[in-house]
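Structure first, then comments.
The values are calculated or read from the model by the stated rules, or taken from the named source; none is laboratory data. These numbers were taken from a predicted model, which means no experiment stands behind them. Note: ideal-geometry Cβ built from the backbone for every residue, glycine included; neighbour counts use all protein chains shown. In case anyone asks, the SASA skips ligands and DNA or RNA and just uses the protein heavy atoms, side chains included. Shrake-Rupley method; radii C 1.70, N 1.55, O 1.52, S 1.80 Å.
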Amino acid sequence: MAKTTVKRPAAKAAKSRKVKKTAAAKRPVAKSKVAKAKTAKSNAAKSKISKAKSSFAAAAKARLPKGPVWQWTAVETAAAIGSGAVSAFEVTEAQVAHMQAVNPKLNAVVVDLSEQALAAARAADKMRKSADRGALHGVPITIKINIDFEGQANSNGVSALANLVAPSDSPVVRNFRKAGAIVLGLTNTPEFSFRAFTDNPLHGLTQNPWSPDITCGGSSGGAGAAVAAGIGTIAHGNDIGGSLRWPAHCNGIATIKPTQGRIPAFNESAAVERPLMAHLMSAQGPLARSVADVRLGLGVMSQRDPRDPWWVPAPLEGPKPKGPIKVALAKMPDDMKVDPSVTAALRQAADHLERAGYRVTEVEVPDISGVWQTWCDIIANETMVLQEAKMLAVTSDDFHKAWAGIKAKAGTLDLAAWMNATAARSTHIRAWQMFFEDYPVVLAPTTVQPTPGPRADVESAERIRKIFWNDLRFISAINVLGLPGAVVPVALHDGKPIGVQLIAGRYREDMALDAAAAIEKRAGMLVRQLWTREG
């Protein structure tokens, strides 16, 4: 059907259009369109401002830490990689270059894993945005050569073990890998990790980056020298008589010897299980340039591994005491010869703690000399019965001299005496635990004498006896108790670092590290002075 159209007169049509136009101008919908246009324009402007702010925030977040890559802390390195400011490969490449420049002089890293590290860094960059990214994703570290690293020899500084290839990763290595850490190399240790000085016929002597005239410590001397010199951000080490805390002192860095059971340990390459008391007095731990990095390393290393039956799922943070925390500044035993520089460093550390709100009082701690003797008796007799003959058959004259000095201070125990010594350990632990009820933290020395030369322990049996009994008494005694002990550098004496020890109750590493951080906040990171001098 055709459409019918009605034609209006021209004048009427024009008038109608005019009326409609006027009416339309008065309609609310027209106002709505104008408002919407204005709102859209305003929103666009706000969006631009918001995007600009977001871009500025992202740029600030992605800002690189100060200084060359090898001077960055583990916390800074992890943040820079996580934000995309730098790639894991770039970080690792810079770290490898630095290691190859400084390590020939130091001999801290004795197995170079640069190629593996660079390959691991490339893989890490592909996973940067993964939800499974760990706390140390792309962060370079080192591992001490006395724990299992799959495919590498766990030589423990012994020539006869140069081909003892680890069939699997130890719990520490496994936990570091899970966290995304990049292993640059394996660090040096004395034979069987049994001396306080890092030297062996297989890999040679490790130098202290501060001075060739002093030891880098032991047995984690390679680890301590490496991280102080800027090789890796965190160094793995372990401690049965001071082997974390002594190198930390010697190299001007920080560490924590955790409570026994905090960090799992196991080496599949070992022919037999280690003796019980040796296991109960030993601990794995991190060495680093800052307390924050030590805390980060502790969290990563302490993850569960079913192969260690002594591992304890204790929380890393505990309740804080009410009011100001009381710190016991340990009185020195009457028979201990203490250098004035050590006394000054302890007083300086106490002052730093006071300024941070702690309450420091000089008091006598529970029988430090008796505790040390218990440690010496137990470890020496256990070694003599189960390990001595096999160790002496494959070790150097230097090892024999050092071991003879340690053994000379120990009493020879029959079965009854051995039982009494292990029972006394419980008595000592109880006394210290009760002491912590009044003083949650103990401030004590690492050594009470200036750091000795790189081979002082082979000068004579009497010299090694003095080093362990007089100088390091406050370090080795803590192992038999299984207590956590942190070390933080405080000052330089004749251009060489001095550290102090913070001891806390069982599984209260947080208390020890909090006190160490309070000291570090005022003393600063001493290695920066080393780098300035070297630069």
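Computed from these coordinates, which is Cα Rg over 2.2 N^0.38 Å: (1) 0.93; (2) 1.31; (3) 1.15?
Computed from these coordinates, Cα Rg over 2.2 N^0.38 Å corresponds to label (2).
Any idea what the relative contact order of the range 211-277 is, in percent, if you count C-alpha pairs under 8 Å spaced at least 6 apart?
Relative CO of the range 211-277 lands at 29 percent.
In debye, nearest 20, what is the charge dipole magnitude of the chain about its Cα centre with +1 on Lys and Arg Cβ and -1 on Asp and Glu Cβ, if you could check?
Here the size comes out at about 7800 debye.
With r as the distance between the Cβ atoms of Met127 and Arg463 and R0 = 56 Å, compute the FRET efficiency 1/(1 + (r/R0)^6) and round to 0.05.
That pair, Arg463 with Met127, gives E of 0.60.
Past 26 Å, Cα to Cα, is the threshold; run Lys320/Lys521; Lys466/Lys496; Lys337/Lys407; Lys320/Lys496 against it and keep the listed order.
Lys320/Lys496
Contact order normalised by length for the range 421-535, with contacts defined as Cα pairs under 8 Å and 6 or more residues apart; what percent is it?
27
Express the carbon and sulfur contribution to the solvent-accessible surface of the range 382-535 as a percent, rounded to the nearest whole number, probe 1.4 angstrom.
Exposed carbon and sulfur together represent 53 percent of the surface.
PRE reach from Ser159 (point 7 Å along Cα→Cβ): which of the range 188-224 fall under 12 Å by backbone N?
Counting only backbone N, you get 200-204.
Quote to one decimal, in nm, the extra length available between Val272 and Glu90 on full extension: 0.36 nm per residue of separation minus the C-alpha distance between them.
Extra length from Val272 to Glu90 when fully extended: 61.3 nm.
Nearest 20 debye, what's the magnitude of the dipole of the range 420-522 about its Cα centre given +1 on Lys and Arg Cβ and -1 on Asp and Glu Cβ?
Computed charge dipole of the range 420-522: roughly 200 debye.
What is the distance, in nm, between label points placed 7 Å from the Cα along the Cα-to-Cβ direction at Ala344 and at Asp414?
Label at Ala344, label at Asp414, 5.2 nm between them.
Considering the dipole of the chain built from charges on the beta carbon (Lys and Arg +1, Asp and Glu -1) around the Cα centre, which of Thr73, Thr343, Met434 is farthest to its positive end?
Thr73
Ignoring any ligand, DNA or RNA, what whole percent of the accessible area of the range 303-372 comes from carbon and sulfur when the probe is 1.4 angstrom?
Carbon-and-sulfur percentage of accessible area, whole number: 54.
Please give the residues of the range 280-311, grouped as numeric ranges, whose backbone N is less than 15 Å from a label point set 7 Å along the Cα-to-Cβ vector of Gln387.
So the set is 280-284.
Arranged from highest to lowest average of other beta-carbon atoms within 10 Å per residue, in what order do the peptides 336-345, 191-200 appear?
Ranked from most to least packed, the peptides come out as 191-200, 336-345.
If you take every DSSP beta bridge fully contained in the chain, what fraction is antiparallel? Give it as a percent rounded to 5.
Antiparallel: roughly 65 percent of the beta bridges in the chain.
What percent does the relative contact order of the range 371-481 come to when contacts are Cα pairs within less than 8 Å and at least six residues apart?
46
Over the chain, give the accessible area per residue in Å² for a 1.4 Å probe, as an integer.
Heavy-atom SASA per residue in the chain reads 44 Å².
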